[in-house]
Amino acid sequence: MTVLIDTEAWFAPAVALEPSVRNAAPADAHAIAAIGRVAVPETYRDVIGDASVMAAIVEQSYAPGALRDCIARCAGAEGAHFLVAEQAGRVVGFLHYRLCRVAAGRSRSQPVRSARKLRESYPAPPGAYVSTS
């Protein structure tokens, strides 16, 4: 019997470090892709039942090149954000969203259904070891 141990977790401090949040950088694309390939199918398995459709979505949306382009577009667009959560120097989650403007003439007291459009918010699944190599 072979037992594999994540030595980083084994020798980690007893107190868990709080993750920090920062703007994503193009160099984060591989880590984001690794999380997306695991988290998106898990998150949407009850919504998108066709495995080939899910595979196509993940392949297109979580290719490192596509993510680098998206991160660059967000960096240059007003109200667009691509953030990563980092813990102990490793990307452990991400959030991608764009703020939308309220339509002219709309009263602030009226409900606004899409003031913020949340595109993606995925942490690495609990207990998952996400390798970016």
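Read-outs throughout are calculated quantities, based only on the coordinates presented, and are distinct from any laboratory measurement. Since we're looking at a predicted model, the values are computed, not measured. In this analysis, Cβ positions are derived from the backbone assuming ideal geometry, glycine residues included, and neighbour counts consider all displayed protein chains.
Show me, for region 64-73, the HN-Hα J-couplings you get by feeding each phi into the Karplus relation (A = 6.51, B = -1.76, C = 1.60, θ = phi - 60°), rounded to Hz, glycine and proline as x.
Going residue by residue, I get x, x, 5, 5, 4, 4, 5, 4, 5, 5 Hz, with x marking Gly and Pro.
How many nm is it between the label spots at residue 46 and residue 75, if each spot is 7 Å from the Cα in line with the beta carbon?
Distance between label points: 3.8 nm.
Can you put 68, 37 in order of Cβ neighbours within 10 angstrom, beginning with the fewest?
37, 68
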